[in-house]
Amino acid sequence: MKDIADAADVSVPTLFKHVPDGKDAVMFDDGVERRSGLLAAVRQRPADVSVMTALRQFMEGRGPFVADPTPDFARLTALIMTTPELREYSRKLWIRCEAPLAELLSTELGLPPGAATARAAARYVLEIPQFVADDPDPRTSLQAVFDLLEYGLFGATQRTAARNDG
């Protein structure tokens, strides 16, 4: 932060005064890329790929779910996940995507606008990073939650058992 403030020829406190969402926002973009990527994952998926599979694949490339993160990415993710203010701001950015994702899900699934099913699915998907990021293996937990969302409770437990047997 000091380097940025120095480059702008202002003090660090002055720099933070110009960030609308406060200090936490300095660690993140404005969420537009996140929202655009999330919606594009659904809109641009191949015809044989379900909405949930497209969202699962998108999430696999985010934060604690990345399979082989670079050291810098791993450090940044750890900082965000272990700093309560940053973690809450990250959640806030995810939840800002809820209305557009729910609207898109309604359209994609042939549901009426504002359908509770689409709103619930959007909220559940967007809460996954907060919900399972602290698990010993967040990527495996991500798979389990998406199995639940896509296949229901019985189907998810069957898929998890098959994965563990294989």
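The values are calculated or read from the model by the stated rules, or taken from the named source; none is laboratory data. This is a predicted model, so every value here is computed, not measured. Neighbour counts run over all protein chains shown; Cβ positions are idealised from the backbone, glycine included.
Okay, here's what the table says:
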item: Check on Leu105, closer than 15 Å to Gln130 by Cα, assigned to a helix (DSSP H, G or I) and either out of contact with any strand residue (DSSP E or B) (no Cβ under 6 Å at 6 or more places or on another chain) or touching a residue at least 40 places away in the same chain (Cβ under 8 Å) (or both); result: no
item: Some residue of the range 91-111 being modelled with pLDDT under 90, surrounded by 18 or more Cβ atoms within 10 Å (Cβ to Cβ) and either within 18 Å of Ser50 (Cα to Cα) or more than 15 Å from the chain's Cα centre (by Cα) (or both); result: no
item: Any chance Thr117 is in a helix (DSSP H, G or I), at pLDDT below 95 and under 17 Å from the mean Cα position of the chain (by Cα); result: no
item: The range 133-166, residues that are closer than 19 Å to Ile95 by Cα, surrounded by 14 or more Cβ atoms within 10 Å (Cβ to Cβ) and in contact (Cβ under 8 Å) with a residue 24 or more places away in the chain; result: Ala133, Leu142, Phe146, Leu149
